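Notes for the one structure printed next.
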Amino acid sequence: MQAHIIQSPDSLIENYAPAGENVLVVRNLVKIYKGASLPALSGLNFTVPAGEIFGLLGPNGAGKTTAISIMSTLLRPTGGSVNVCGIDVTQHPGRVKGLIGLVPQNIALYAGLTARENLRFFGKICGLRGKALDERVQACLELAGLENRADQRVTHYSGGMKRRANLAAGMIHQPRLLFLDEPTVGIDAQSRNMILEKLFLLKNTGTTLIYTTHYMDEAAQLCDRIAIMDEGHIVAEGSLQELLNRPPGYAGLGDLFLALTGKDLRD
Amino acid sequence: MYKIAATVSKELLLLSRDRTGLLVLFVMPALLVFVMTLVQENVLKTMGESTTRILFIDHDQGEVGQTIEKKLLESGGIEIIKQIDGREVDEKEALNRVLNGDFQLCVIIPEGTTAALKTRARQAAAESLDLAERPAENAVRPGDISVYFDPTVFGGFRSAVLGSLEMVIVGIELDEKMNALSHLLPRYIDRVLRKSLGPMLPDAVLNDTPGMRLDFGRDRLLKVAERPASPENALQKPTSVQQNVPAWALFGIFFIAIPMAGALIKERHDETLARLLTLPVSFLSVMMGKIIAYVLVCLGQFGLILLIGKYVLPLWGTPKLDMGSDPAAVVVIMFSAILAATGFGILLGTTARTYEQASMVGPIAIVIAAALGGIMVPVYAMPAIMRNISIYSPLEWGHDAFLDVFVRGGNIRTVSGDVIALLSFFVAAVLISGMVFFVKRRNGI
């Protein structure tokens, strides 16, 4: 499956940034929704180099979805800046769109279409055509393990298959930076394991991933670096080991998370 | 263009697989136009706008019945039935048939009507010339000609039929009175002259009395002529097909708003829209693709309904759809109405929070706009306040424009006002939707 990604058209391989280059730079990001008493984001800062899987953790209402919406051009910030591969997201959203991909938390597919039809549509929307389109569709179907069920309508898929198809659609145009908003929520262990394996494969091809999840073990297993957010800003950031070594020392990411964000319910 | 075509193709594929959507878009308006046209065809019969079937029972078998029959047939739009299944109908059966709605009315001429009329005409003429010997005692009164109406027949039509019969009977009476007068006049003149001149009057004078042309009384001195309001068109009466085909086609077209709004809301809720907005495609291209797809569907819908009006409904005895003489105007109205409907769909899909909300508000809004727009009841039949409100209904603009071309002999110039209104509605709906969408996006809704 990895071979298909490497064999992609040259024009799309251009999307991959050299290792070490900062693909995403977020500076003092602020977002205040109209009528809200508190800011959704209050000075968010982080940098993600190429080829890294960056985990964004936080309780409900911490600002993860708002941050992803701004970084993926869906929302304009109240203040601060976001740069993707050196391009300002607010100033040039059109240019940034060619570099990013989004795998939303919901199954953002047309349920009445088959997986192949969905992928062909999103591929065409990204400008793919002819043989390049056929190859990318086939590669994404294989990556998601859906090649044998490609011509079945999404509405008839299991939860795990839908999640994998959702991931495949986010990769159809081989984005340099892929935002994944809880891509494994509510699926079986096998599908979850497969998705995590595929994300590792993606990372190995140079794709940078921004990953949000509520599963601490998943973040610990997958992410190179993790940022824990609360009340609109990052309260801790680093590799898994760096985070666990924070005084007084934590047995697991879950312990640290609760220590930093508290045990009160966030509804 | 490639991305727009991709969106068009995706939307059409989705719609083709949406059975409920297809029912709403194609089967519902097709059934509505079929049923409503046939129902209204029957209503028009009760209003006299269509061929009226009269059961005619003539017990007299004389000149009166023959003349009434001849004159009714001459008036047009009337079919006279004297026998059912090859046999004469008695009065009781005739009344039952009318009560059952088999006939709109029944005319019964009593036995001896012609003879009584002639006698009474002679008596009346004699009385007028003071030649009658004992008028009060000898007076003959012919039996009444009875007319029975189906209870569902509208008052206006009843009055028109009774008025026509009165006119025919007055004509018959006039003829008989003139005839009687012509026979009595020489006697009267002779009597007057003999009274004045006495024995000086020679017998030859009576023989020289000039004969009368009896039909001079029927010569019309003043005529009422019905003329077309539109100078470009011959006199043409609207048919139930011309009223209903554009009406229900428009109704169906506006129902495109429901699946369209549903698709927009679903895209928003399942974040397909979010995915699209992060891809290298302009929002305008996505919306253009949607609009083109739904316009194509509406064209198919409209074409289907026109075909029903042209070829299917006539098989059930309705007139064939006549689309006037300006096909370009029909195309322009059709496109404008379709754009207005898609504009409404976009507005509904943008402003409604849930599909349930859109699927409740949308149809109610369309039904109200249709009722105000003369789709169900002609605008002229509404109270003044409703007529004033109806001018704000996009369905009224579309329907009025279609009737203008189909019935009033209108053309692209005469419908330009309605077309501009429909296009303005589309532009306004899209602009408002755009504003709502961007405000919601800014607030992360």
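Assess whether B:ALA116 counts as being at pLDDT 80 or above, part of a helix (DSSP H, G or I) and among the small types (Gly, Ala, Ser).
Numbers: at pLDDT 80 or above: yes; part of a helix (DSSP H, G or I): yes; among the small types (Gly, Ala, Ser): yes.
So B:ALA116 passes the test.
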Self-check item: A:GLU52, sole failed condition from (1) touching a Ser or Thr at 6+ places or on another chain (Cβ under 9 Å); (2) crowded, with 23+ Cβ neighbours inside 10 Å
Solution: (2)
Quiz item: Pairs, please: C-beta under 7 Å, at least 6 apart or cross-chain, first residue within 14 Å of chain A (Cβ to nearest Cβ) and in segment B:11-34, second of a type in the set (Asp, Glu)?
Solution: B:LEU13/A:GLU117
Quiz item: If A:PHE122 satisfies every condition in (1) surrounded by 18 or more Cβ atoms within 10 Å (Cβ to Cβ); (2) out of contact with any His (no Cβ under 8 Å at 6 or more places or on another chain); (3) within 11 Å of chain B (Cβ to nearest Cβ); (4) within 26 Å of A:ILE70 (Cβ to Cβ) but one, which is the exception?
Solution: (2)
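Going by the structure shown, is B:LEU99 surrounded by 16 or more Cβ atoms within 10 Å (Cβ to Cβ) and in contact (Cβ under 8 Å) with a residue 24 or more places away in the chain?
Numbers: surrounded by 16 or more Cβ atoms within 10 Å (Cβ to Cβ): no; in contact (Cβ under 8 Å) with a residue 24 or more places away in the chain: yes.
For B:LEU99, the condition - surrounded by 16 or more Cβ atoms within 10 Å (Cβ to Cβ) and in contact (Cβ under 8 Å) with a residue 24 or more places away in the chain - is not met.
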Exercise. With respect to B:THR46, determine if the residue is modelled with pLDDT under 80 and either within 14 Å of chain A (Cβ to nearest Cβ) or not in a strand (DSSP E or B) (or both).
Key: yes
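Check whether at least one residue in segment A:89-96 is at the interface with another protein chain (Cβ under 8 Å from one of its Cβ atoms) and farther than 19 Å from A:MET194 by Cβ, and report yes or no. Walk me through it before giving the result.
Kept after step one, since they are at the interface with another protein chain (Cβ under 8 Å from one of its Cβ atoms), are these residues of segment A:89-96: A:94.
Checking the rest, the ones that are also farther than 19 Å from A:MET194 by Cβ come to A:94.
Yes, segment A:89-96 contains at least one residue that is at the interface with another protein chain (Cβ under 8 Å from one of its Cβ atoms) and farther than 19 Å from A:MET194 by Cβ.
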Exercise. Could you tell me whether segment A:76-85 includes any residue that is within 9 Å of chain B (Cβ to nearest Cβ) and in contact with a Lys or Arg (Cβ under 7 Å, 6 or more places away or on another chain)?
Key: yes
Quiz item: With respect to B:GLY374, is the statement that it is part of a helix (DSSP H, G or I) and of a type outside the set (Val, Ile, Thr) true?
Solution: no
Practice problem: Would you tally the residues in segment A:102-119 being part of a strand (DSSP E or B), more than 7 Å from every other protein chain (Cβ to nearest Cβ) and either among the small types (Gly, Ala, Ser) or in contact with a Ser or Thr (Cβ under 8 Å, 6 or more places away or on another chain) (or both)? | Solution: 0
Quiz item: Since B:LYS440 meets every condition but one in (1) touching a Leu at 6+ places or on another chain (Cβ under 8 Å); (2) within 14 Å of another protein chain (Cβ to nearest Cβ), which condition does it not meet?
Solution: (1)
Self-check item: Listing of strands (runs of 3 or more DSSP E) fully contained in segment A:130-237 that carry 1 or more residues being within 14 Å of another protein chain (Cβ to nearest Cβ) and in contact (Cβ under 8 Å) with a residue 40 or more places away in the chain
Solution: A:177-181, A:208-212
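Are any residues in segment B:398-423 assigned to a loop (DSSP other than H, G, I, E, B), small (Gly, Ala, Ser) and surrounded by 22 or more Cβ atoms within 10 Å (Cβ to Cβ), and if so, which ones?
So in segment B:398-423, the residues assigned to a loop (DSSP other than H, G, I, E, B) come out as B:407-415.
With the extra rule that they be small (Gly, Ala, Ser), the set shrinks to B:409-410.
B:GLY410, the sole residue that qualifies.
Condition test on A:VAL23, is it crowded, with 23+ Cβ neighbours inside 10 Å and either farther than 23 Å from A:SER239 by Cα or within 14 Å of chain B (Cβ to nearest Cβ) (or both)?
Numbers: crowded, with 23+ Cβ neighbours inside 10 Å: yes; either farther than 23 Å from A:SER239 by Cα or within 14 Å of chain B (Cβ to nearest Cβ) (or both): no.
It is false that A:VAL23 is crowded, with 23+ Cβ neighbours inside 10 Å and either farther than 23 Å from A:SER239 by Cα or within 14 Å of chain B (Cβ to nearest Cβ) (or both).
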Self-check item: Residues of segment A:105-130 satisfying the condition of being among the aliphatic types (A, V, I, L, M) and on the phi > 0 side of the Ramachandran plot
Solution: none
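Restricting to segment B:269-308, give me the number of residues that are basic (Lys, Arg), surrounded by fewer than 24 Cβ atoms within 10 Å (Cβ to Cβ) and free of Cβ contacts under 8 Å to residues at least 24 places away in the same chain. Outline the logic, then answer.
Our first condition is that a residue be basic (Lys, Arg); within segment B:269-308, this holds for B:275, B:290.
Retained after the next criterion (residues that are surrounded by fewer than 24 Cβ atoms within 10 Å (Cβ to Cβ)): B:290.
From what is left, the residues that are free of Cβ contacts under 8 Å to residues at least 24 places away in the same chain are none.
Selection size over segment B:269-308: 0.
Inspect segment B:428-435 for any residue being in a loop (DSSP other than H, G, I, E, B), within 27 Å of B:ALA263 (Cα to Cα), away from chain A (no Cβ under 14 Å) and among the hydrophobic types (A, V, I, L, M, F, W, C) and give the result as yes or no.
Pass one, segment B:428-435, residues in a loop (DSSP other than H, G, I, E, B): none.
Checking segment B:428-435: not a single residue is in a loop (DSSP other than H, G, I, E, B), within 27 Å of B:ALA263 (Cα to Cα), away from chain A (no Cβ under 14 Å) and among the hydrophobic types (A, V, I, L, M, F, W, C).
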Quiz item: Has segment B:282-289 got any residue that is away from chain A (no Cβ under 14 Å), part of a helix (DSSP H, G or I) and either at positive phi or of a type in the set (Gly, Ala, Ser) (or both)?
Solution: no
Quiz item: When you go through (1) out of contact with any Gly (no Cβ under 9 Å at 6 or more places or on another chain); (2) farther than 25 Å from A:LEU177 by Cα; (3) crowded, with 16+ Cβ neighbours inside 10 Å one by one for A:GLU237, which number turns out not to apply?
Solution: (2)
Exercise. Would you mind stating whether B:ASP418 is among the charged types (D, E, K, R), in the same structural domain as B:MET36 (by TED's automatic domain parsing), in contact (Cβ under 8 Å) with a residue 12 or more places away in the chain and within 26 Å of B:VAL24 (Cβ to Cβ)?
Key: yes
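Does any residue of segment A:164-175 turn out to be under 16 Å from A:GLY58 (Cα atoms) and of a type in the set (A, V, I, L, M)? Don't jump to the end; show me each part of the working.
Keep residues of segment A:164-175 that are under 16 Å from A:GLY58 (Cα atoms), which gives none.
No, the conditions are met nowhere in segment A:164-175.
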Self-check item: Criterion (assigned to a helix (DSSP H, G or I), within 14 Å of chain A (Cβ to nearest Cβ) and either within 34 Å of the chain's Cα centre (by Cα) or under 18 Å from B:VAL8 (Cα atoms) (or both)) met by exactly one of B:PRO246, B:PRO259
Solution: B:PRO259
Quiz item: Taking segment A:81-92, which residues are surrounded by fewer than 18 Cβ atoms within 10 Å (Cβ to Cβ) and outside any loop (DSSP other than H, G, I, E, B)?
Solution: A:SER81, A:ILE87, A:ASP88
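The values are calculated or read from the model by the stated rules, or taken from the named source; none is laboratory data. Computed from a prediction, not measured in an experiment: that's the story for all the values here. When we count neighbours, we look across all protein chains shown, and the Cβ atoms used for this are built from the backbone with ideal geometry, even at glycine.
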